[in-house]
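Single-structure report; data block below.
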Amino acid sequence: MLRALTSALRLPRPWRPLRTRSCASHGATGDPEIQVRALTGRDQGITEILMNRPSARNALGNILVSELLEALAQLREDQQVRVLLFRSGVKGVFCAGADLKEREQMSEAEVGIFVQRLRGLMNEIAFPAPTIAAMDGFALGGGLELALACDLRVAASSAVMGLIETTRGLLPGAGGTQRLPRCLGVALAKELIFTGRRLSGAQAQALGLVNHAVSQNEEGNAAYHRARELAQEILPQAPIAVRLGKVAIDRGMEVDISSGMAIEGICYAQNIPTQDRLEGMAAFREKRPPRFVGK
């Protein structure tokens, strides 16, 4: 059993540099519906995925989903990505959920295939590096499911979020029925899904749905700035240790505590031979800040 666990918990193969920062497919205007940007300076190591589909309030249509999948596939190979941040370029909205106008034109079979792609997208957001959703506006249905697929969530206190599918004759189909109970507990998740209730950012923080809620600013990007601050706290830490800690938590939450302890032990053993661990010990001994390089 331990051998199987060890194989399953190995980190992905060494990352390669990202070849391109743009996506090949484009929306109706000819412009990409997402933009990918690697930050520099003190933010080096933070990569942003900006959703920019103003005509549909960042609704998850075929093109937007395809571009997100393409970007995530490339970024997964980039060892420079230490924190991945999802944000919106459309003021007042994070993601309005599935594109129901587009879905109305689909057959039942096509709907099933598309929802399966959405589930695949949310699974791809389970990225090796920490992920943060900056929710500066509406995050409804699939928009909240996208945020739930991230490790951390920051919201403007005035943001509005909810799994509202039952108010549209649907149920959450991109992981909401699984991730919300794991986040909030079964009874509260059932209440929110059964009622389709909408929450403000402040209410979501009180329930533990988001890590931080901040007052919105005039520019409408207060959650984004707080998310960057949170990412900056992660950047100085040892990248391999952070990624292995994420693996240990995510895999351990799915099993009993005894198996979880075994998973933690396997992850810890993988970290022992790293240069970063030796650097951390040397920095402690020499009373200086560590200089982690991700090796």
Original post:
Among the candidates L180, L163, which residue alone is in contact (Cβ under 8 Å) with a residue 24 or more places away in the chain and under 15 Å from the mean Cα position of the chain (by Cα)?
Top reply: L180
**OP:** Tell me, yes or no, whether the range 33-44 has at least one residue that is at pLDDT 90 or above, assigned to a strand (DSSP E or B) and closer than 21 Å to A238 by Cβ.
**Re:** yes
**OP:** Return the only residue of L170, L235 being at pLDDT 95 or above and of a type outside the set (V, I, T).
**Re:** L235
Original post:
Going by the structure shown, is F86 in contact with a Gly (Cβ under 6 Å, 6 or more places away or on another chain), under 18 Å from L230 (Cβ atoms) and hydrophobic (A, V, I, L, M, F, W, C)?
Top reply: no
**OP:** State yes or no: is Q275 at pLDDT below 95 and under 25 Å from R76 (Cα atoms)?
**Re:** yes
Subject >> Unique match (being out of contact with any Pro (no Cβ under 7 Å at 6 or more places or on another chain), crowded, with 19+ Cβ neighbours inside 10 Å and at negative phi) among L199, L188 >> reply: L199
Original post:
Does the range 33-52 hold any residues that are touching a Cys at 6+ places or on another chain (Cβ under 9 Å) and either without any contact (Cβ under 8 Å) to a residue 40 or more places away in the chain or under 24 Å from G173 (Cβ atoms) (or both), and which are they?
Top reply: E33, I34, V36, M51
Subject >> Listing of helices (runs of 4 or more DSSP H) fully contained in the range 45-125 that carry 3 or more residues being open to solvent by 30 Å² or more (accessible area, probe 1.4 Å) and closer than 23 Å to Q178 by Cβ >> reply: 108-124
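Out of curiosity, is E191 closer than 14 Å to A96 by Cα, part of a helix (DSSP H, G or I) and acidic (D, E)?
Answer is no for this residue.
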**OP:** Write out, first by first residue and then by second, each pair whose Cβ atoms fall under 8 Å of each other, whose residues are 6+ apart or on separate chains, and whose first residue, in the range 186-199, is among the polar types (S, T, N, Q) while the second is part of a helix (DSSP H, G or I).
**Re:** T195/T166
Original post:
Does any residue in the range 124-144 that is more than 15 Å from T47 (Cβ to Cβ) and charged (D, E, K, R) come within less than 7 Å, Cβ to Cβ, of a residue that is in a strand (DSSP E or B) and open to solvent by less than 10 Å² (accessible area, probe 1.4 Å) six or more places away or on a different chain, and which pairs are these?
Top reply: D136/F94; D136/A156
**OP:** For the range 147-167, indicate whether the set of residues that are out of contact with any Asp or Glu (no Cβ under 9 Å at 6 or more places or on another chain), farther than 23 Å from E67 by Cα, open to solvent by 50 Å² or more (accessible area, probe 1.4 Å) and in a helix (DSSP H, G or I) is non-empty.
**Re:** yes
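The values are calculated or read from the model by the stated rules, or taken from the named source; none is laboratory data. Since we're looking at a predicted model, the values are computed, not measured. Heads up, the Cβs are rebuilt from the backbone with ideal geometry, glycines too, and the neighbour counts pull from every protein chain shown. The area values use the complete protein model at the heavy-atom level, side chains included, leaving out ligands, DNA and RNA. Shrake-Rupley method; radii C 1.70, N 1.55, O 1.52, S 1.80 Å.
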